[in-house]
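Read through the structure below, which is laid out as structure tokens, and then see the notes.
The values are calculated or read from the model by the stated rules, or taken from the named source; none is laboratory data. Only a predicted model underlies this, so the values are computations on that prediction, with no experimental measurement involved. Heavy atoms of the whole protein, side chains included, go into the accessibility calculation; ligands, DNA and RNA do not. Shrake-Rupley method; radii C 1.70, N 1.55, O 1.52, S 1.80 Å.
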Amino acid sequence: MVVRKAAAADLPFIIDAYRLAFAFDEACTRRYVEMTGLDCFRVLESDGQPAAVWAVISCGHWFGGRVVPAANIAHVAIQPEFRGSGLAAGILDLSCEDARKGGALLASLFASTRPVYRRSGFNLAGHEMIYEAETSEFYKIRQDIRCRRVSLGEARAVLEPIYRRACRPQSGLLDRHDAHWNARLDETASIPSVFVFDEDTAYVVIDTSDENVLDVRDWAALNGAAARQILKFIGTFSTVYRKVRWHGAPQDALIFAMPDKGWSLVHQEEFLLRVLEPAAALTARGYACDEGELTLAIEGAERQVLHLALRDGTAHCTADGDGGPVLTIEEAQFPSLFSGFRPASFLQRAGHADGTAEAVALADRIFAGPPPWVAEHF
């Protein structure tokens, strides 16, 4: 097997592969490649024939107010004649090595089938959730609207600082690559409209191309008043759009700001994470716990013993260190602990972690935080 960066000459192959794997038409694939950047794509050849294509997109994940360098492994497409031959596991390992060389400490993805990804060291790490609500409910909200419209040309420069401020108290959200912003602001199929609220405390990117549902492509709100302004603003579209749809958090600010019911969860899926460099990743992320020492014994093909020390909310992790109570955890479950998706106490009850009551309680405090989620599908 040979893996190489995609070139312009590979575009017909990518179009064919994505047609067969995802039912993308040619225009959709060309748009996706253009928005993502051809340099992000990798082609695997088997016996000189192109067999698979996928993207490795540099980014980061926010944890505890800090960004951990990461890479999304996106849209893996294996040609039908090469499926079932064990290529998927090799692609994942090669992609993780590719990401590691680019400085990533984490690799994340959405899995069409989980067993093969779990065998490659990935596990559940957070949610993707899509909510839908009745726009007629939003007129009940008592909140003045103060907003301005932003052109698409200046949108990213205005929105990105607001987005980053909104990410700091959250867990899991992406520190976005150009590809993610391009998708939010893409005007190829339909032209989105961008509005910023109050003194840059919120924004919303809306897509009006579906006559049945107002699609919120992106949004952020830094406080409750800002979230209410977004809802009240969306309510002004209620005579045209009966429903509105958006990506949101498990503890979602827009749902919390709604005056009544009238909403539903229409999609939920989990993204998966692989921790490429455990000690460095533990040092890079932030923590709500200010002080503590914990020894993590990660049981896998090779046992790793890591000493995690927190001082004033800053972490330092070393291999084969010593200090603090010991939590033993299966390597397969470490990504879920790292992201805060599963607390140590849950993993202990499920039989995938072990330690004294002190060790488990300390691990629960160290990795505590808001439920991890992402605002896009990659």
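Give the lysines whose C-alpha is closer than 26 Å to that of Lys101, dropping any in the same chain fewer than 8 places away, or say none.
Once the sequence-local lysines are set aside, what remains near Lys101 is Lys5.
What would the Debye formula give as log10 I(q)/I(0) at q = 0.20 Å⁻¹ for the alpha-carbon point model of the stretch 1-157, no solvent?
Log10 I(q)/I(0), no solvent term: -1.34.
Rg(Cα) of the stretch 220-314 divided by 2.2 N^0.38 Å?
Its radius of gyration relative to the 2.2 N^0.38 Å reference: 1.68.
Restricting things to alpha carbons, tell me how big the stretch 225-378 is in terms of Rg and Dmax, in Å.
When restricted to Cα atoms, the stretch 225-378 yields Rg and Dmax of 19.7, 64 Å.
Output ³J(HN,Hα) for the stretch 115-120: one whole-Hz value per residue in order, computed from phi by the Karplus curve 6.51 cos²θ - 1.76 cosθ + 1.60 with θ = phi - 60°, and x for Gly and Pro.
Each residue's phi maps through the Karplus curve to give x, 5, 6, 5, 5, 9 Hz.
How far is the Cα center of the stretch 318-360 from the Cα center of the stretch 258-277, in Å?
Taking the Cα centre of each part, the stretch 318-360 and the stretch 258-277 sit 24 Å apart.
Leaving ligands, DNA and RNA out of it, rank Cys147, Cys96 by accessible area with a 1.4 Å probe, largest first.
From most exposed to least exposed: Cys147, Cys96.
Rounded if a/c is under 1.5, else prolate if a/b beats b/c, else oblate: with a ≥ b ≥ c from the C-alpha gyration tensor eigenvalues square-rooted, which is the stretch 173-236?
Oblate, since a/c reaches 1.5 and b/c is not below a/b.
Order Met1, Met258 by their accessible area, 1.4 angstrom probe, all chains in place, largest first.
Met1, Met258
Top to bottom by accessible area (1.4 Å), largest first, where do Arg217, Arg156 land?
Sorted by accessible area, descending: Arg156, Arg217.
Starting at the first residue of the stretch 85-96, write each ³J(HN,Hα) from the Karplus equation 6.51 cos²θ - 1.76 cosθ + 1.60 with θ = phi - 60°, in whole Hz, x for Gly and Pro.
Running phi through 6.51 cos²θ - 1.76 cosθ + 1.60 with θ = phi - 60° gives 9, x, 5, 4, 4, x, 4, 5, 5, 5, 5, 5 Hz.
Could you derive backbone 3J(HN,Hα) for the stretch 272-278 from the dihedral phi with the Karplus parameters 6.51, -1.76 and 1.60 (θ = phi - 60°), listing whole Hz in sequence and x where the residue is Gly or Pro?
With the stated coefficients, the stretch 272-278 comes to 10, 10, 10, 8, 7, 10, x Hz.
Which lysines, on any chain, are close to Lys243 with Cα under 30 Å apart, when same-chain ones fewer than 8 places away are left out?
Cross-link targets: Lys140, Lys232, Lys261.
Enter the accessible area of Tyr241 (Å², nearest 10), with the probe set to 1.4 Å and all protein chains included.
20
Over the stretch 242-378, with every protein chain in place, what whole percent of the accessible area is carbon and sulfur at 1.4 Å, could you tell me?
It is 50 percent, rounded to a whole number.
Treating the Cα atoms of the stretch 104-155 as identical point scatterers in vacuum, please give the log10 of the normalised Debye intensity I(q)/I(0) at q = 0.20 Å⁻¹, two decimals.
-0.86
For Arg303, what accessible surface area do you get with a 1.4 Å probe? Give it in Å², rounded to 10.
We get 140 Å² for Arg303.
Only Cα pairs under 8 Å and at least 6 apart count here; give the relative contact order of the chain as a rounded whole percent.
Relative contact order for the chain comes out at 19 percent.
Note down, for the chain, the three equivalent ellipsoid semi-axes (square root of 5 times each alpha carbon gyration tensor eigenvalue), biggest first, whole angstrom.
Over the Cα atoms of the chain, the ellipsoid semi-axes are 35, 30, 17 Å.
Just read off the accessible area of His247 with the full protein assembly in place, 1.4 Å probe, to the nearest 10 Å².
Per-residue accessible area (His247): approximately 40 Å².
Most mobile of Asn223, Asn182, Asn72 per a Gaussian network model of the chain (Cα springs, under 10 Å)?
Asn223
Please state, rounded to one decimal and in Å, the Kirkwood hydrodynamic radius that the stretch 1-81 gives when every pair of distinct Cα atoms enters the mean of 1/r.
Evaluated over the stretch 1-81, this radius sits at 13.4 Å.
Apply the Debye scattering formula to the stretch 270-359, with a single equal point scatterer on each alpha-carbon and no solvent, then give log10 I(q)/I(0) at q = 0.14 Å⁻¹.
Per q value, in the given order, log10 I(q)/I(0) is -0.45.
Nearest 500 deg cm²/dmol is fine: what mean residue ellipticity at 222 nm does the chain get from its DSSP H runs of n ≥ 4 alone, each adding -39,500 (n - 2.57), divided by its residue count?
Rounded to the nearest 500, the figure is -8500 deg cm²/dmol.
Quick one: length gained pulling Glu34 to Glu160 fully straight, 0.36 nm per residue minus the C-alpha distance?
Extra length from Glu34 to Glu160 when fully extended: 43.3 nm.
How big is the antiparallel share of DSSP beta bridges in the stretch 263-378, given as a percent to the nearest 5?
DSSP beta bridges in the stretch 263-378 are roughly 75 percent antiparallel.
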